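Let me begin by presenting the structure, written as structure tokens, before commenting on it.
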Amino acid sequence: MLRPYAIRHLRAQFPERLIYNICVDTIGVLALQGDFIEHEASLRRLGVRARQVRKAEELRGLDGLIIPGGESTTFCRLMSDFRLYEPLGAFLRTGVPIWGTCAGMIMLAKQASDLDFPTLGAMDIAVLRNAYGRQVDSFEADIPVKGIGPEPFHAVFIRAPVVDMVGPGVEVLATAWDEKLGAETPVAVRERQYLATSFHPELTQDTRIHAYFLEIVRTEGRSSSPK
């Protein structure tokens with residue numbers, strides 16, 4: 001169960017909803033590479049238990065899963081080495097909410113450019129890998145994000161992907177300016193119980209997007225199996 005602080009935080013972020021029986025116990029964080037420790041810290045600040053996931057059996061009993069950022073090709077190779085592709089596919093079919101950040105967004109997409117490994121294909125989106133350029137082209141920007149309140153979110157983009165196509169069931173939550181295209185492009189999207197951001201909320205002290213994901217878990221999710 002969420003601790004009282006987390007309940008107060010969620011009430012502040014989602015004042016239009018009454019939060020009663022909030023049954024969010026454990027959120028998994030895929031811990032193959034990337035910023036999984038930072039995601040754990042954000043979840044704990046909201047009073048939620050986090051579990052590092054490296055084995056198929058560690059998916060059991062989760063209320064939600066976060067796939068963190070990292071280098072997407074390396075991420076896919078490690079998923080193959082740890083034999084996680086099939087268990088994660090089965091996990092997806094249980095309907096448990098999943099949030100992917102940066103490389104995690106790429107893993108959730110149906111299509112990803114220049115990737116020699118399959119994605120999980122959970123979301124009806126196509127993404128362009130490293131769309132904003134190389135590591136030296138990383139940047140930060142204050143962007144409005146639908147569903148987390150009126151204040152802009154300070155987004156950290158590191159070799160970030162861009163959503164090139166969204167299906168009819170995908171909601172765009174945030175956009176950012178793409179210099180190459182000369183247009184705003186989606187950087188945060190949601191489709192039912194799936195959430196994806198091309199930036200790294202875990203690298204800030206702002207937990208509003210983590211709280212938004214917990215709200216998805218509370219309202220849309222179901223545990224993957226008995227704990």
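Database remark: amide H of LYS110 closer than 5 angstrom to the amide H of MET123, ILE125 (H placed geometrically; neighbours at sequence offset of 5 or more, or on other chains; Pro and chain starts carry no H). Once backbone amide H atoms are built at 1.01 Å from N, ARG49 has ILE27 as its partners under 5 Å, excluding neighbours fewer than 5 places away on the same chain. For segment 4-220, the square roots a ≥ b ≥ c of the C-alpha gyration tensor eigenvalues yield an a/c of 1.5 or more together with a/b not exceeding b/c, which makes the shape oblate. Anisotropy class assigned to segment 147-227 is prolate, per the alpha carbon gyration tensor with a/c at or over the 1.5 cut-off and a/b larger than b/c. Taking 0.36 nm per residue of separation and subtracting the current Cα-Cα distance, fully stretching the chain between ILE37 and TRP177 would add 47.5 nm.
Since every read-out is calculated from the coordinates, none of them should be taken as a lab result. Please read these numbers as outputs of a predicted model, since none were measured by experiment.
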